[in-house]
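Chemist: My structure is below; once you've seen it, I'll send some questions.
Please treat every number below as a calculation from the coordinates, not as lab data. Small disclaimer: the values here were computed from a predicted structure and weren't measured. Note that we place each Cβ from the backbone using ideal geometry, even for glycine, and neighbour counts take in every protein chain shown.
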């Protein structure tokens, strides 16, 4: 089982971002996805800068993948997409069918979690177009994944989002700008102030969602460290950890140790609690509402 | 020879009576779904079985209207036959086009029923011409329904890059998220538009009068709380009030409806092919009212786009039946973003 670090979903100052990836370079992560996937206005890193980070990580032995924007609306978004798709150096994760259209038949690609691959026929189709790996939509469960992997005829790796705040929804409206009473066109990049997004609570004070520019995430942290065995048994090849502003390196090490059986599942479950920015959830994997925590497979095991 | 350009008015039919009044009031096309999770309005008491669908197709065709069938959810590995059977049935019923989101189903439809016209559903999340052309090249889709997130300028730009006809939402419920890319509902309730055809389902809703006001909850999560002076709205997840950094407000969107009447001349100018009215879950009376207003508006605008203006009577009529009694141009008008 390989470990992947998903694309950074937040907007960080350049220095923080570079320091972050220098730290990642010395972790036991196998694959690193890079690039801005949330908002096309975010610009502290140009493609050339991402390529510098990519080369640094590649020289540290990491497999590097460049991720494309999820919401491609304008001609300038398409131009950026072309530049990523046509980079001659690194693999590309397609997060929109427009990206698949540019990549198919030309270059092996990774089918990202937003392509809505919900069944084996669509998975076979995407594989036939050149996808060598696919990332399962976050809302799918183990029970829904199993028959897909049983019956596909293609050879394709499967990756599952296994740790981090869930990217739940995208809009063209910027919710951070809305919070600041600013129009998106004059957003002043205030999302730079929220390294882990901006928390949204219900009116009775319960952590609910997180505002991250045009993206809405779960406030609870999706955490499948207690479910690694079921992933291995189902034939999952890669687990994805989503970046957060602190503790990413420790989380990667814990997942690695857990997979290598250097720590027990029980202690891993206990240890990860101190690294979570909020309580955890694992409902989707267990066929429940995503917000829920399946106690039998999750934290109860720690008892 | 190119057929003459015409903007089609496409109206929702959640039931046979709604279909009939839509046709009678001037819909060029109606769209409907079967009574299960194969479509994105999978609500109890709504939609068609084979017999009512057959009657509906007969009624519409006799009066010169087309019928589109929405099969726009994503089938899971188990039970996909329900979707493929529905496609077979559509071909048998003489449905004019099926509206699909799942590429695997498009492949099935294209191979099994090559004459069946395919439209790309809004649930396909195609917001750029490269994505639309992908579906066109692989499956021969004739038309794409655009998510309600593009500005009008972006729609116009997109229209230049594809031979595929475009259909836009003109009136009704407003999804603030990109359709097909929203799992908020499954996060809270376990069912989502993508996989089950429902968002914020009624069975998960609880209303409770408390000392702090009337509370609406979805699967236990507090979506909003209303004082006696406030109108309580259906607890659609993205239209609740939540608290961010000490401020409680509609963090994602107010309860409001999309209304693009004033954009009609522009839509005709760039030759948008379909104008879609949302609301298969609404009553026949609603469908009749909305269809009547839009028929009149489209006819007037088609005759003389330069002189077109939105009649106050139309706005008043639509205002009465809009969610939260509010209208917005949504993303078509850039400052909304």
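Chemist: Quote the Stokes-Einstein diffusion coefficient, in whole µm² s⁻¹, for the stretch A:48-101, based on the Kirkwood radius over alpha carbon pairs, a temperature of 20 °C and a viscosity of 1.002 mPa s.
Modeler: 183 µm²/s
Chemist: Here's another thing I want to ask about it. Across peptide B:95-104, how many C-beta atoms of other chains are within 10 Å of each residue C-beta, on average?
Modeler: 3
Chemist: A further question on this structure: Residues of B:116-127, mean number of Cβ from any other protein chain within 10 Å of their own Cβ, rounded to a whole number?
Modeler: Neighbouring Cβ atoms belonging to other protein chains average 2 per residue here.
Chemist: Sticking with this one: If one computes the Cα centroid of the stretch A:59-79 and of the stretch A:87-144, what distance in Å separates the two points?
Modeler: 13 Å
Chemist: Run the numbers for residue B:142 and residue B:303: contour at 0.36 nm per residue of separation, minus the present Cα-Cα distance, in nm.
Modeler: So the chain would gain 55.3 nm between residue B:142 and residue B:303.
Chemist: With no solvent and one point on each alpha carbon, what is the Debye value of log10 I(q)/I(0) for the stretch A:199-303 at q = 0.19 Å⁻¹?
Modeler: Log10 of I(q)/I(0), two decimals: -1.05.
Chemist: Take peptide B:152-159, look around each residue's Cβ out to 10 angstrom, count Cβ atoms belonging to other protein chains, and average those counts.
Modeler: 2
Chemist: Whole Å is fine, so just give me how far the alpha carbon centre of the stretch B:222-237 lies from that of the stretch B:1-75.
Modeler: Distance between centres, Cα-based: 32 Å.
Chemist: Which whole-number percent of Cα pairs in the stretch B:283-330 have a distance greater than 14 Å?
Modeler: 56 percent
Chemist: Taking a quarter of the surface of the Cα convex hull of chain B, what do you get in nm²?
Modeler: Directional mean of the projected Cα hull area for chain B stands at 18.2 nm².
Chemist: A follow-up question, please. Put a dot 7 Å past each Cα toward the Cβ at residue A:232 and residue B:206; how far apart are the dots in nm?
Modeler: 4.0 nm
Chemist: Could I have the simple spin-label model distance between residue A:245 and residue A:14, label points 7 Å from Cα toward Cβ, reported in nm to one decimal?
Modeler: Placing both labels 7 Å beyond Cα along the Cβ direction yields 2.0 nm.
Chemist: Determine the gain in length on full extension of the stretch residue B:214-residue B:88; use 0.36 nm per residue of separation and subtract their C-alpha separation, reporting nm with one decimal.
Modeler: Taking residue B:214 through residue B:88 to full extension adds about 40.7 nm, to one decimal.
Chemist: With springs connecting C-alpha atoms under 10 Å apart, model chain A as a Gaussian network and identify which of A:253, A:201, A:42 has the largest mean-square fluctuation.
Modeler: Comparing A:253, A:201, A:42 in the GNM, the peak value goes to A:201.
Chemist: While we're here: How big is the Cα convex hull of the stretch A:1-68 in projection, averaged over all directions, in nm²?
Modeler: One quarter of the hull surface, i.e. the mean projection, equals 4.3 nm².
Chemist: Also: Compute and list, largest first, the equivalent-ellipsoid semi-axes of the stretch B:70-168 from the alpha carbon gyration tensor, each √(5λ) rounded to a whole angstrom.
Modeler: They are 25, 14, 11 Å, listed from largest to smallest.
Chemist: Show me, bin by bin at 10 Å from 0, the whole-percent P(r) of the protein assembly as shown based on Cα pairs.
Modeler: 3, 16, 28, 28, 17, 7, 2, 0
Chemist: Another one. If you take the C-alpha gyration tensor of the stretch A:156-233, multiply each eigenvalue by 5 and take the square root, what semi-axes do you get, largest first, in whole Å?
Modeler: Largest first, the stretch A:156-233 gives 30, 16, 9 Å.
Chemist: So what is the 222 nm mean residue ellipticity for chain B from helices alone, if each DSSP H run of at least 4 adds -39500 (n - 2.57) and you divide by all residues, rounding to the nearest 500 deg cm²/dmol?
Modeler: When only DSSP H runs of four or more count, the value is -9500 deg cm²/dmol.
Chemist: I would also like to ask the following. Starting from the coordinates of the alpha-carbon atoms of the stretch B:110-252, obtain the Kirkwood hydrodynamic radius over all distinct pairs and give the value in Å to one decimal.
Modeler: 17.6 Å
Chemist: May I ask you to derive the FRET efficiency for residue A:43 and residue B:55 from their Cβ-Cβ distance with R0 = 41 Å, giving the value to the nearest 0.05?
Modeler: E(calc), rounded to 0.05, equals 0.15.
Chemist: Give me the percent relative contact order of the stretch B:193-249, please, defined on Cα pairs under 8 angstrom at least 6 residues apart.
Modeler: 23 percent
Chemist: Taking the Cα of residue A:63, stepping 7 Å toward and past its beta carbon, and measuring to each backbone N in the stretch A:118-151: which are under 20 Å?
Modeler: Output list for this probe position: A:123-138, A:149-150.
Chemist: Also: Could you grab the relative contact order for chain A? Cα pairs under 8 Å, six or more apart, rounded to a whole percent.
Modeler: 19 percent
Chemist: Would you list the P(r) distribution for the stretch B:1-151, with all Cα-Cα distances sorted into 10 Å bins from 0 and each bin expressed as a whole %?
Modeler: Once binned at 10 Å, the Cα pair distances of the stretch B:1-151 give 11, 41, 37, 10, 0.
Chemist: For the stretch B:193-249, state the semi-axes of the equivalent ellipsoid (square roots of 5 times the eigenvalues of the alpha-carbon gyration tensor), sorted largest first and rounded to whole angstrom.
Modeler: Equivalent ellipsoid of the stretch B:193-249: 21, 14, 9 Å, largest first.
Chemist: Sticking with this structure for a sec: How big is chain A by Rg and Dmax over its Cα atoms, in Å?
Modeler: Values for chain A (Cα only, Rg and Dmax): 18.4, 54 Å.
Chemist: What is the spread of the Cα atoms of the stretch B:235-304 along each of their three principal axes, largest first, in whole Å?
Modeler: 52, 30, 16
Chemist: Of B:40, B:245, B:232, which has the largest mean-square fluctuation in a 10 Å C-alpha GNM of chain B?
Modeler: Fluctuation is largest for B:245.
Chemist: Whole angstrom only: what separates the Cα centroid of the stretch B:274-337 from the Cα centroid of the stretch A:214-280?
Modeler: 49 Å
Chemist: In percent, what relative contact order does chain B have, based on Cα pairs under 8 Å that are 6 or more apart in sequence?
Modeler: This gives 20 percent for chain B.
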